[in-house]
Amino acid sequence: MAASAPSILLVVGLGNPGPTYERTRHNAGFWFLDELARRHGCTFRVEPKFFGETARLSLDGREYWLLKPATFMNRSGQAVLSMAGFYKIPPEAILVVHDEIDLPPGTVRLKRGGGHGGHNGLRDIVNRLGSSDFARLRIGVGHPGNSHQVVGYVLNRPSKQDEELILQTIDEAADVFPLIVEGGFEKAMHRLHSKK
């Protein structure tokens with residue numbers, strides 16, 4: 001990847017709206033955005049024209065948009081397309097944060113581009129944007145061991161031990177967030193990926 005990778009302007013956390021889903025594995029993307037908002041003192045507000053909740057994060061004199069789609073996971077792209085279109089943000093300047101069943105709890109991975117890996121939120125974003133060139137922050141939530149159990153698994157709350165591991169990786173990712181958005185993508189990847 002070129003060193004001159006575009007900096008991130010829009011950070012999208014994936015999840016399902018409402019208290020029923022709040023602490024489920026599928027909402028790891030929301031958890032990450034909530035941690036960013038807590039650390040940087042910004043507040044989410046409902047934004048009907050963007051089909052979700054948005055916040056504006058200021059960091060070192062620059063501003064970034066945070067977006068939590070309220071469309072349910074399989075229509076996440078509707079919110080992303082609305083906001084990216086309105087602010088003329090190209091796919092390369094978007095970071096999508098999501099749960100990843102192919103990574104164990106306690107693992108987080110950063111990458112640019114790629115397929116959707118069967119993740120319905122990513123699939124819809126790729127379809128709506130017509131591009132898969134956005135960056136992804138993949139938060140490991142583990143796999144149930146059987147592909148037929150995946151839906152029930154991600155829509156349930158993790159064990160206490162797994163939840164602690166997931167929150168720990170969210171913490172680590174929030175620590176390197178300034179590097180990610182300011183173009184230090186390789187450095188951020190190295191720091192996250194060299195963890196145990």
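The values are calculated or read from the model by the stated rules, or taken from the named source; none is laboratory data. Here the structure is a predicted model, which is why all the values come from computation and not from measurement. Neighbour counts run over all protein chains shown; Cβ positions are idealised from the backbone, glycine included.
Which of the helices (runs of 4 or more DSSP H) found entirely inside segment 153-196 contain at least 2 residues meeting this: among the charged types (D, E, K, R) and more than 17 Å from the chain's Cα centre (by Cα)?
Counting at least 2 such residues, we get 160-175, 185-193.
Here are ILE139, ILE166: which of them is in contact with a His (Cβ under 9 Å, 6 or more places away or on another chain), of a type in the set (A, V, I, L, M, F, W, C) and farther than 22 Å from ARG62 by Cα?
Only one candidate passes the filter, namely ILE139.
Could you figure out which of (1) within 13 Å of the chain's Cα centre (by Cα); (2) part of a helix (DSSP H, G or I); (3) not hydrophobic (A, V, I, L, M, F, W, C) isn't true of GLN78?
Result: GLN78 fails condition (1) only.
For segment 54-74, indicate whether the set of residues that are in contact with a helix residue (DSSP H, G or I) (Cβ under 7 Å, 6 or more places away or on another chain), at negative phi, in a helix (DSSP H, G or I) and modelled with pLDDT of 95 or more is non-empty.
No: zero hits.
Pick from segment 16-32 the residues that are touching a Lys or Arg at 6+ places or on another chain (Cβ under 6 Å) and touching a residue at least 40 places away in the same chain (Cβ under 8 Å): which of them is surrounded by the fewest Cβ atoms within 10 Å (Cβ to Cβ)?
ARG23
Here is a check on your reading of the model: is HIS143 surrounded by 15 or more Cβ atoms within 10 Å (Cβ to Cβ), in contact with a Lys or Arg (Cβ under 6 Å, 6 or more places away or on another chain) and either at pLDDT 95 or above or part of a loop (DSSP other than H, G, I, E, B) (or both)?
no
Among the residues of segment 34-74, write down those that are among the charged types (D, E, K, R), more than 22 Å from HIS116 (Cβ to Cβ) and touching a strand residue (DSSP E or B) at 6+ places or on another chain (Cβ under 7 Å).
Of everything in segment 34-74, those that are among the charged types (D, E, K, R), more than 22 Å from HIS116 (Cβ to Cβ) and touching a strand residue (DSSP E or B) at 6+ places or on another chain (Cβ under 7 Å) turn out to be ARG45, GLU47, GLU53, ARG56, GLU63.
Pick from ALA84, ALA79, ALA135: which is surrounded by 14 or more Cβ atoms within 10 Å (Cβ to Cβ) and within 17 Å of MET189 (Cβ to Cβ)?
Of the residues listed, the single one that is surrounded by 14 or more Cβ atoms within 10 Å (Cβ to Cβ) and within 17 Å of MET189 (Cβ to Cβ) is ALA135.
Which residue pairs have Cβ atoms under 9 Å apart, sit 6 or more places apart or on different chains, and have a first residue in segment 34-45 that is under 10 Å from LEU57 (Cβ atoms) and a second that is assigned to a helix (DSSP H, G or I)?
LEU36/ALA174; LEU36/PHE177; ARG39/ALA174; ARG39/PHE177; HIS40/PHE177; CYS42/LEU36
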